[in-house]
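For reference, the structure discussed in these notes is given below.
The values are calculated or read from the model by the stated rules, or taken from the named source; none is laboratory data. If you're wondering where the values come from, they're calculated on a predicted model, not measured in any experiment. Using ideal geometry, Cβ is built from the backbone for each residue, glycine included, and neighbour counts are taken over all protein chains shown.
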Amino acid sequence: MKRALLFPSVLLLACGPLLGQQPSGAATRDIRALYQGYMEAFNKKDVAKIMSFFVPGSDLFVFDVTPPRQHVGWADYKKDWEDLFAAFPGPLHQELSDLSVTPGGTLAVSHYVVAGYFTGPDGTRLTVAVRVTDALRRMRGKWLIFQEHVSVPVDLGTGKADLLSKP
């Protein structure tokens, strides 16, 4: 009886990659590597490389912390990145922490914190920490972000954003 139950599980694991899926350990490793490349591109202000981690076309949807509230499509979000780097032309450094990845077949969800600083045109630094939740899809053997939600907590008493968002 145990062998009868074991065979379908082994068959599914063996055939998963043929069905467009990959074992969750491999998916988690691939997605963690995606974020490593993403942060390297972010710190270099390499918009083209940053955008290579997102689905092309109109399927991309992003809630960002800066107006406008949402970005629909790859081109719209690319412009958001270009505007961010134009507003902060000086050095920046961002680090990703608290990364959690939950893969499930060809879809995955992740959440993490990005914290660091941006330097404005007058040399002043803005220190900020944001929370990010992503939905990813495996397309043609590559994980890509198709939905992103970036946020900061708000102090409801003052109505002000908590840009340092400690846990």
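Residue by residue, here is whether (1) out of contact with any helix residue (DSSP H, G or I) (no Cβ under 6 Å at 6 or more places or on another chain); (2) closer than 12 Å to TYR35 by Cα holds:
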residue: LEU96; (1), (2): no, yes
residue: HIS111; (1), (2): yes, yes
residue: ARG137; (1), (2): yes, no
residue: PHE146; (1), (2): no, no
Which of the following residues is surrounded by 13 or more Cβ atoms within 10 Å (Cβ to Cβ), more than 21 Å from GLY141 (Cα to Cα) and modelled with pLDDT of 95 or more: LYS45, LYS49?
-> LYS45
Could you run through the range 80-113 and say how many residues are touching a residue at least 40 places away in the same chain (Cβ under 8 Å) and of a type in the set (A, V, I, L, M, F, W, C)?
-> 7
Can you tell me which of GLY157, GLY123, GLY90, GLY141 is of a type in the set (Gly, Ala, Ser) and under 18 Å from the mean Cα position of the chain (by Cα)?
-> GLY141
Any idea how many residues of the range 115-141 are out of contact with any Phe, Trp or Tyr (no Cβ under 8 Å at 6 or more places or on another chain) and in contact (Cβ under 8 Å) with a residue 60 or more places away in the chain?
-> 3
